[in-house]
Structures are given as C-alpha cells and as structure tokens.
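This report concerns only the one structure given below.
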Protein chains: 2
Amino acid sequence: MAEQTQLERSKEDPKVASTTVASSVYDQLRLDILTGDLQPGEKLRSEFLRGRYKAGISPVREALNRLATERLVCREDQRGFHVAAVSKAGLIELTKTRCWIEERALRESIEHGDDAWEEQIVLTFHRLSRTPRSADDQTYAFNAKWEGLHRDFHNAVIAACGSHWLLSFCEQLVDQADRYRQLAAAVSYPKRNERDEHQDLMEAVLARDADRAVALQCAHIHKTADIVLNANLNNLPDDFDPADPSRC
Amino acid sequence: MAEQTQLERSKEDPKVASTTVASSVYDQLRLDILTGDLQPGEKLRSEFLRGRYKAGISPVREALNRLATERLVCREDQRGFHVAAVSKAGLIELTKTRCWIEERALRESIEHGDDAWEEQIVLTFHRLSRTPRSADDQTYAFNAKWEGLHRDFHNAVIAACGSHWLLSFCEQLVDQADRYRQLAAAVSYPKRNERDEHQDLMEAVLARDADRAVALQCAHIHKTADIVLNANLNNLPDDFDPADPSRC
DNA sequence: AGTCAATAGAATTTGGAAATTATTGAACTA
DNA sequence: TAGTTCAATAATTTCCAAATTCTATTGACT
C-alpha cells in the first residue's frame, strides 16, 4: 500500500485546514487541552503525542513550543512538557483579569463601533441562539459548533475596540477560561440560561449603554467562575503547588 | 580537534544561562530583534540563523515558533519566518493599548502594594538612576545594563497588581515598544531627561496618587511614541502592507 | 506583449537516529 | 534508617538528510 502525503491527507479530510503537520498538531492538541481530553497537569511525552497525532517528533515539538508561549502547556528545559495546571487561585486571578481586559475592550468597542459592527453582533447572536448548548439532548456533551459560535458572538461584541493586542489578549484568556468551563460544564448544563445572558448583553451593547454592558459581561464571566468553584467535584487544588512541574 | 558539547560551551561563556540550545537561540534572537540588529520585515532563513547562532535547524525552529506566538516574528506556513513589520499605525495602536493595560496594572498595584513593594521600587530606581543611558559617552549606543534596569524599575512599579496575566501582557507590549524605541534612540538620546520622568513616577506611586501616576506613566509612553513618529528618518511606513509577508 | 504551463532550483518541513540529560533503583556507607 | 554513589534505563534534545512545497525562469502558445 502506498504512503500518504500530507496533501493527500488534506484532500481526504477537508476538516484539516492546516497546511503543515505542525499546525495541524497544534490545532488538535490545543482542542484536546481546551476540552479537558488531556487533563491539567498531565505529562506530554513526545512518544505519546507522536502516536496520538500520527506525526513525527519535529512537528509535535513545534506545536508544544507554541502552546507553551500561550501558557496552555508548561515547558521545563530538559524535563519536557505538561498540560498547564489549574487551581482555585488561578481561576480567581484569571477571572479578575478577564473583567479588567474585557471592560476596556467593551467600552472602546461600544464607543467606536459602526453599523457593520452592530449587524455582525445581531448575526452572530442569531446563529448562537439557534444552536444547542450540548451535542446530546439529555446530558451534556461538548458541542464544537456551539463553542465556535459562542466565541464568534463574544468576539463580535468587542471587535471594534481598535486594538489587535486587546483582542488577542481576550482570546488567550478565553482559551484559559474554557478549560475551567469544561470542568464544570456537565454540572452547570441543566441549570443555566445562557441564551438570556447573551441577549441582555447584546441589547445593552446595541443601546450603547457601556456601563450596563460591562456589568453584564462581568457578571457573565463571574457566573462561570462561580459554577466551577462551587461544583467542587473535580477536587480543584486551592493554589498552584510550587513543586508541581505543570505550575508554569 | 575535539567536538564541543553544550555543557562545555556554557562553561566557557557564563553569559549563556539557558540550559538548552533552543532557549539560548531564543534569547539571542529575541535580543537581536529588540535591538534592531535584525530589522523589521527581514526574512529569517533557517540556514542564515543556523550559521549566525551556530546551532542546528531544530532549535532554531523552536525559537522561531516561540517568538511567532509573541508576535516578534511572523510565521507563514510553508513560507518561513520574518521579523515582524512595524508601521506608524502599528505604533499608535501599540501605544494606546499599553496605556490601557498599564493603567489597570498601575491602579491595582498602588492599591495593593505593601512595604516590600515600595522598597523594591526605591531600590530599582536607585540602580537605574546610577546607570548611563548609553554605553558610549558621546553618541548613543545600546546599553544592555540600562535596558535591564529600566525594565526592572517599571516592572517593580506594577508588580503588586495581583495578576500574572497582566504582568505578562505588559512585558509583551514592552518588548514591542522597545523595537520602536531603538529605532529612534539615537535621535532622542541627547534631548530627553528620562531620569526625571522616572523620579516623578516613583514619587506619585509612593504617595499612592493613582491618578497622577497614571497620567505620568501614560505621558511617558506617549513621549517615546512621539519621538519615534517625529524622528521620521527611518521612513516608517504609514500602515501595514496587506501583501507584506511580515505583516502578521 | 501577455498568459499559461513546465521545470529547475531554493527553501521549508519532516522523520528518525544519535547525543545529551534526567530519573530510577540497587548497592554501599556512615 | 537516612543519605550517597553509581550504573541502568528512560526521556528529552539535537543534528541531519530526505521529502515536500514554494519561487523564479523559461519557452510555448494566444
């Protein structure tokens, strides 16, 4: 049987958009960490990843190096890589920071947003509201489509902030928050009405009521954090262990 | 003649603190970009870097991948790496973002800083004020010691902000700003009294006058930007060229 | 001239083997 | 028993050559 080139693989599976193996491994590894498929603190041996993603050592290492700079993965020279650890203290710090950064993004965006910006918000909200939170009817199951549309909506709201830096910071923090969110998603799933929260936010934003929008956004962020903290069944450690190699 | 191991190299040159070749290349490459030794937009061929840093392809690539995530280097799949481009529009956006982020860091730090924090500010200011801005008496020459102490001082001021995220964002933005600053350093060198600016900032911070500290910090940031913009001799492009591969 | 396809050359990307370093555990000492 | 040394093992890191992809050029064709 003939060998497969990367191009051939891409033709077979159009979901794989990446043009290099390294970028493809990066995408998959990132997703596996965000969904919790690879757990916080887990050691990432190159042989294990090589087998999991059917790639050579070089692209695997490139992906790990990229993710380490984004702090989804933790690198220690000569001691390899871990999935970054989580903790209550980490979540609290993350939540605080998200509120600060997103407040600024939101205020700037509301001040400078134009008609196209408004329309994009309406559009992404519409799509989000027609998509089920869970891939399964009864219990919670990760739904990649909802997750994507959810990001699209929140990104649309702050898109007019006028700073690519701010947008990328927000994105990085959302990545981090998503990991925590997945830890408690099964618990929060039946209880929460996220659709209303998003609708309220949209209305405040379109009314250019910055103070109200910020308050709603902040509450939205804190609510997610509280659910994770209260649903303590993942025995989340209180703080980062200074001796933990996945501490970062 | 015998081959050199990495350990042997480290013993010879104690300046190389990194434990792996990849980290060492990362440090050197980052510095070369910050100082402008490698110019904005320049293509970074692996063979060129291999020769420059006397390393193999793998560690060079790892360093490039890390720097790309930090946006000091720009990656295009299958087309290699460039030093990230600069432009007037980019500088303006960067400056704006720095003011937003550093304002929050400053206010939080002033609110929560303790005695040890105050002492560290006094200490780092003292060290900075006794170090010459330029390595040369007459003309401007990059002075690594001053640059390090300058960072230490500004980091000390915001160190008590309570968020590692905010601190790392500030650091990333400082890296970016440093590139612009080096472009105009020779021009601004004789004119500017940075020591007074830092002293004013320190006094406002120690007096816990957040509003004044923020105003000074913002002015400090804007002043650097203005110098770069006015000293237009580097024919900085107005905006990023959408066709430029180093655009990011 | 301008467009397009084929081709040669240059650069990037990748896989695996070799070199280096960390870890483990057994034997030994105080 | 606690702590050290040292060899065996396991993992990480690095180098390099092969495979793939991009780029520039040429020449045929409209």
For this session: Please report the relative contact order for chain A, taking Cα pairs under 8 Å with a sequence separation of at least 6, and give it as a percent rounded to a whole number.
Result: 26
Exercise. Residues of the stretch A:28-66 with accessible area at least 20 Å² lower in the all-protein-chain context than alone (1.4 Å probe)?
Worked result: A:61, A:62, A:65, A:66
Problem set entry | Restraint check, A:96/A:223; A:88/A:223; B:43/B:145; B:88/B:223; B:43/B:223, Cα-Cα greater than 20 Å | B:43/B:145; B:43/B:223
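Which net charge results for the neighbourhood of residue A:245, defined as the other residues with beta-carbon distances under 9 angstrom from its beta-carbon, given Lys and Arg at +1 and Asp and Glu at -1?
Summing Lys and Arg as +1 and Asp and Glu as -1 gives +1.
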For this session: Quick one: compute the contact order of the stretch A:88-234, relative version, from alpha carbon pairs under 8 angstrom and 6+ residues apart, as a percent.
Result: 37
Exercise. Going from most exposed to least, what order do A:195, A:75 have by accessible area with a 1.4 Å probe?
Worked result: A:195, A:75
Exercise. Aspartates and glutamates within cross-link reach of residue A:54: Cα-Cα under 16 Å, excluding same-chain residues under 8 positions apart?
Worked result: A:3, A:8, A:12, A:13, A:27, A:32, A:62
For this session: Calculate for chain B the 222 nm mean residue ellipticity that helices alone would give, adding -39,500 (n - 2.57) per DSSP H run of length 4 or more and normalising by residue count, nearest 500 deg cm²/dmol.
Result: -21000 deg cm²/dmol
Seminar exercise, completed: Which of A:196, A:32, A:137 fluctuates most in a GNM of chain A (C-alpha springs under 10 Å)? That residue is A:137
Exercise. With chain B treated as a Gaussian network of Cα nodes joined by springs under 10 Å, which of B:217, B:176, B:28 yields the largest mean-square fluctuation?
Worked result: B:28
For this session: Counting only C-alpha contacts under 8 Å and six or more residues apart, can you give the relative contact order of the stretch B:10-83 as a whole percent?
Result: 34
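Residues with beta-carbon under 9 Å from that of residue B:85, excluding residue B:85: net charge, scoring Lys, Arg +1 and Asp, Glu -1?
-1
What is the local net charge at residue B:223, summed over the other residues whose Cβ is closer than 10 Å to its Cβ (Lys, Arg +1; Asp, Glu -1)?
Details: positive: B:192; negative: B:194, B:197, B:226.
Charge balance near residue B:223 sits at -2.
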For this session: Please work out the Cα convex hull volume for the stretch B:16-152 and give it in Å³ per residue.
Result: 165
Exercise. Taking every residue in A:19-26, how many Cβ atoms of other protein chains lie within 10 Å of its Cβ, on average?
Worked result: 2
Seminar exercise, completed: Probe 1.4 Å, heavy atoms of protein chains only: per residue, the accessible area of the protein assembly as shown in Å² is 50
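The values are calculated or read from the model by the stated rules, or taken from the named source; none is laboratory data. No experiment lies behind these values; they were computed from the predicted model shown. Neighbour counts are summed over all protein chains in view; Cβ atoms, including those assigned to glycine, are modelled from backbone coordinates with ideal geometry. We work out accessible area using only protein heavy atoms, side chains counted, and drop any ligands, DNA or RNA first. Shrake-Rupley method; radii C 1.70, N 1.55, O 1.52, S 1.80 Å.
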